[in-house]
Amino acid sequence: MKIEASICPLCQQPNVCAVAARRQIETCWCQQHVFVPKHQLPLNNLEPDRCICQACAEALKQEAMLGVK
(Lines give C-alpha, C1' and ligand atoms only; values in the text may rest on other atoms or scores of the structure.)
Protein backbone atom coordinates (compact mmCIF):
# COMPACT_ATOMS: atom_id res chain seq x y z
CA MET A 1 0.00 0.00 0.00
CA LYS A 2 1.35 3.42 -0.97
CA ILE A 3 1.46 6.04 1.79
CA GLU A 4 -0.32 9.19 0.70
CA ALA A 5 1.97 11.99 1.89
CA SER A 6 -0.71 14.66 1.46
CA ILE A 7 -3.10 13.03 3.98
CA CYS A 8 -2.93 13.64 7.73
CA PRO A 9 -2.26 10.34 9.54
CA LEU A 10 -4.46 11.41 12.46
CA CYS A 11 -7.70 12.57 10.80
CA GLN A 12 -7.22 11.29 7.23
CA GLN A 13 -7.91 14.77 5.80
CA PRO A 14 -5.60 16.73 3.47
CA ASN A 15 -2.60 18.07 5.40
CA VAL A 16 -1.86 20.88 2.91
CA CYS A 17 1.84 20.05 3.10
CA ALA A 18 3.94 22.13 0.72
CA VAL A 19 6.60 19.43 0.47
CA ALA A 20 4.02 16.76 -0.42
CA ALA A 21 2.76 19.16 -3.11
CA ARG A 22 6.35 19.51 -4.36
CA ARG A 23 6.68 23.14 -3.27
CA GLN A 24 9.41 24.73 -1.17
CA ILE A 25 9.18 23.96 2.56
CA GLU A 26 9.39 27.68 3.30
CA THR A 27 5.88 28.06 1.83
CA CYS A 28 4.34 25.44 4.13
CA TRP A 29 1.92 26.41 6.92
CA CYS A 30 4.03 24.44 9.40
CA GLN A 31 6.90 26.91 9.15
CA GLN A 32 4.83 29.47 11.10
CA HIS A 33 3.30 27.02 13.60
CA VAL A 34 4.43 26.26 17.14
CA PHE A 35 4.09 22.53 17.81
CA VAL A 36 3.64 20.69 21.10
CA PRO A 37 6.70 18.85 22.40
CA LYS A 38 7.31 15.51 20.70
CA HIS A 39 6.85 13.56 23.96
CA GLN A 40 3.21 14.76 24.07
CA LEU A 41 2.32 13.47 20.62
CA PRO A 42 0.39 10.24 19.96
CA LEU A 43 3.38 8.62 18.26
CA ASN A 44 1.57 5.36 17.61
CA ASN A 45 -0.58 7.19 15.01
CA LEU A 46 2.22 9.12 13.33
CA GLU A 47 4.21 8.02 10.33
CA PRO A 48 7.61 9.51 9.47
CA ASP A 49 6.69 10.29 5.86
CA ARG A 50 3.36 11.99 6.58
CA CYS A 51 2.69 15.40 8.08
CA ILE A 52 -0.24 16.11 10.35
CA CYS A 53 -2.68 18.81 9.26
CA GLN A 54 -3.00 22.27 10.76
CA ALA A 55 -6.30 21.39 12.49
CA CYS A 56 -4.76 18.35 14.23
CA ALA A 57 -1.65 20.34 15.16
CA GLU A 58 -3.85 22.99 16.75
CA ALA A 59 -6.01 20.38 18.52
CA LEU A 60 -2.90 18.69 19.96
CA LYS A 61 -1.63 22.06 21.14
CA GLN A 62 -4.95 22.83 22.85
CA GLU A 63 -5.06 19.38 24.47
CA ALA A 64 -1.54 19.85 25.80
CA MET A 65 -2.39 23.27 27.20
CA LEU A 66 -5.50 21.88 28.92
CA GLY A 67 -3.76 18.73 30.12
CA VAL A 68 -6.13 16.51 28.14
CA LYS A 69 -4.94 13.07 26.93
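Below are the figures for this structure:
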quantity: Any hit, the range 30-37, residues being open to solvent by less than 90 Å² (accessible area, probe 1.4 Å) and at pLDDT 85 or above; calculated: yes
quantity: Top-ranked residue in the range 7-19 [being modelled with pLDDT of 90 or more, open to solvent by 40 Å² or more (accessible area, probe 1.4 Å) and not β-branched (Val, Ile, Thr); ranked as nearest to residue 59 (Cα to Cα)]; calculated: 11
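The values are calculated or read from the model by the stated rules, or taken from the named source; none is laboratory data. What you see is a predicted model, and the numbers here were worked out from it, not measured in a lab. The accessibility values were calculated without ligands, DNA or RNA, using every heavy atom of the protein model including side chains. Shrake-Rupley method; radii C 1.70, N 1.55, O 1.52, S 1.80 Å.
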